[in-house]
Amino acid sequence: MGGSPLRILVVGAGIAGLAVARALRLAGFRPDVTEKLPPTERADTGLYLPGNAARALRRLDLDGPLRPLGQVIHRQRFLEATGAPLCEVDLDALWAGVGECRALPRAELHRVLLTGAGGAVRHGAEVSTVEPLPGGVAVGFTDGTSGEYDLVIGADGPRSAVRTLAALGGPPRPAGQVVYRSVVRGGPRVADWTALLGQRAGFLVVPLGAGRLYCYADEAGTSLPADPLARLHELFGDYGGPVPEVLAALETVDVELTQEVELGRWFHGRVLLVGDAAHATAPTLSQGAAMALEDAVVLAESLRAAGSVEAALIAYESRRRPRTRWVRDRTRDRNRTRDVPPALRDPLLRGRGGRIFQEHYRLLTGPL
């Protein structure tokens with residue numbers, strides 16, 4: 001169907017939606033992209049992209065614009081809460097032949113994707129109705145406008161409105177963590193992806209280049225603190241390594257609860273979910289953006305190769321489910337280690353941690 005005049009609507013202009021729009025344009029389609037938020041309502045935090053994300057961006061022909069941005073990460077270091085070493089992962093070896101790992105501000109990746117998608121996003125367009133038609137979908141918007149499409153792609157995140165309207169599933173379920181994110185300037189010098197593991201909590205620092213650090217912290221829980229910055233100091237005030245200097249440099253913190261989406265199917269008629277709308281997990285493996293980018297590549301390939309939209313959606317879901325299921329299961333595996341007391345966990349990680357953490361990505365180093 002490549003180059004055919006399919007009318008395609010992509011709902012959501014985050015990483016997943018813009019990546020899908022870019023992939024579809026490369027395949028000869030011209031999708032419409034809508035986003036309910038104004039263009040200025042996206043908080044900027046950091047983003048760590050493992051090697052499979054770099055491969056997907058290369059397939060989207062966006063590796064060139066991305067190359068000068070952020071910082072390439074060569075090593076992961078895991079430390080005790082005190083700052084004593086536990087284990088390391090050689091990222092160049094892990095992702096050899098796949099792609100380099102990179103950390104950068106999320107807004108910089110968003111700009112690259114927006115340009116690659118053609119730059120045309122209809123902001124403030126919130127979907128209110130999704131109705132099946134013979135061979136298509138009727139979509140209504142809250143501003144009273146409407147349209148008919150051959151395919152509607154819900155890329156609108158874990159709290160997807162498209163998922164609800166198309167009867168593909170309800171709200172996401174809590175994954176059991178409170179996460180804190182911030183970008184720090186003027187903090188300590190950190191060269192590697194560096195995580196300090198405590199009791200049911202952890203603190204991660206990743207260099208973004210240009211003297212910036214991406215700080216990600218989490219704790220087990222299901223409710224948001226009244227004062228996130230004060231809670232960070234309370235949780236991590238006695239940690240070692242770079243944490244004291246990072247805490248001293250923190251000014252603002254974004255906080256949210258982790259969520260999971262697990263569905264029996266990803267499409268209904270000609271409505272399809274991609275990215276976090278279909279398979280959100282806790283961000284433990286840093287695979288949210290990578291899975292969305294891979295979704296975009298595979299969806300465009302499926303549409304181009306299939307003889308019908310229905311056949312393309314079946315082919316797409318059959319290819320993507322094994323990888324997203326792997327990420328979900330490995331995420332849950334790693335999160336369960338939170339409940340293991342450090343006195344038991346840390347000796348295991350000193351002896352086998354590097355191999356254990358590498359194994360979490362084994363399937364993802366293989367072909368899409």
Legend entry - Evaluation of residue 302 against (1) in contact with a Lys or Arg (Cβ under 8 Å, 6 or more places away or on another chain); (2) of a type outside the set (Lys, Arg); (3) free of Cβ contacts under 8 Å to residues at least 12 places away in the same chain (one fails), failing number: (3)
Inset, instruction - Return only the number of the condition from (1) surrounded by fewer than 22 Cβ atoms within 10 Å (Cβ to Cβ); (2) among the charged types (D, E, K, R); (3) touching a residue at least 60 places away in the same chain (Cβ under 8 Å) that residue 362 does not satisfy. - result: (3)
Inset, instruction - State whether one or more residues within the stretch 340-351 are in contact (Cβ under 8 Å) with a residue 60 or more places away in the chain, surrounded by fewer than 16 Cβ atoms within 10 Å (Cβ to Cβ) and not charged (D, E, K, R). - result: yes
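Looking at the stretch 173-215, which of the residues that are aliphatic (A, V, I, L, M) and not in a strand (DSSP E or B) is surrounded by the most Cβ atoms within 10 Å (Cβ to Cβ)? Can you show your working first?
Filtering the stretch 173-215 down to residues aliphatic (A, V, I, L, M) leaves 175, 178-179, 183-184, 190-191, 195-197, 201, 204-206, 208, 210, 213.
Within this subset, residues satisfying the condition of being not in a strand (DSSP E or B) are 190-191, 210.
On the way: 190: 19, 191: 11, 210: 10.
This residue is 190.
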Inset, instruction - Scan the stretch 266-294 residue by residue and report those that are over 20 Å from residue 162 (Cα atoms) and buried (at least 24 other Cβ atoms within 10 Å of the Cβ). - result: 287, 290, 294
Legend entry - Sole residue being assigned to a helix (DSSP H, G or I), farther than 22 Å from residue 354 by Cβ and either among the hydrophobic types (A, V, I, L, M, F, W, C) or without any contact (Cβ under 8 Å) to a residue 24 or more places away in the chain (or both), chosen from 109, 69: 109
Inset, instruction - Count, please, the residues in the stretch 312-339 that happen to be within 15 Å of residue 266 (Cβ to Cβ) and either surrounded by fewer than 16 Cβ atoms within 10 Å (Cβ to Cβ) or of a type in the set (Lys, Arg) (or both). - result: 9
Legend entry - Residue that is surrounded by the fewest Cβ atoms within 10 Å (Cβ to Cβ) [pool: residues in the stretch 58-71 that are under 19 Å from residue 298 (Cβ atoms) and among the basic types (Lys, Arg)]: 58
Legend entry - The one condition in (1) part of a loop (DSSP other than H, G, I, E, B); (2) of a type in the set (Gly, Ala, Ser); (3) within 23 Å of the chain's Cα centre (by Cα) that residue 167 fails to fulfil: (3)
Inset, instruction - Consider only pairs whose beta carbons are under 9 Å apart and that are at least six residues apart or on different chains; among these, list those whose first residue lies in the stretch 140-161 and is more than 16 Å from residue 269 (Cα to Cα) and whose second residue is of a type in the set (Phe, Trp, Tyr). - result: 147/141
Legend entry - Identity of the residue in the stretch 312-333, over 17 Å from the mean Cα position of the chain (by Cα) and either among the charged types (D, E, K, R) or outside any helix (DSSP H, G or I) (or both), that ends up nearest to residue 275 (Cα to Cα): 317
Legend entry - Filter result for residue 90 (touching a residue at least 12 places away in the same chain (Cβ under 8 Å) and under 22 Å from residue 147 (Cα atoms)): no
Legend entry - Filter result (assigned to a strand (DSSP E or B) and of a type in the set (Asp, Glu)) within the stretch 142-164: 148
Legend entry - Number of the exception - residue 225 against (1) within 15 Å of residue 180 (Cβ to Cβ); (2) within 19 Å of the chain's Cα centre (by Cα); (3) surrounded by 15 or more Cβ atoms within 10 Å (Cβ to Cβ): (2)
Inset, instruction - Report, by residue number, each residue of the stretch 37-57 that is modelled with pLDDT of 95 or more and either closer than 25 Å to residue 154 by Cβ or surrounded by fewer than 16 Cβ atoms within 10 Å (Cβ to Cβ) (or both). - result: 47, 49, 50, 52, 53, 55, 56, 57
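The values are calculated or read from the model by the stated rules, or taken from the named source; none is laboratory data. If you're wondering where the values come from, they're calculated on a predicted model, not measured in any experiment. Positions of Cβ are backbone-derived with ideal geometry, glycine not excepted, and every protein chain shown enters the neighbour counts.
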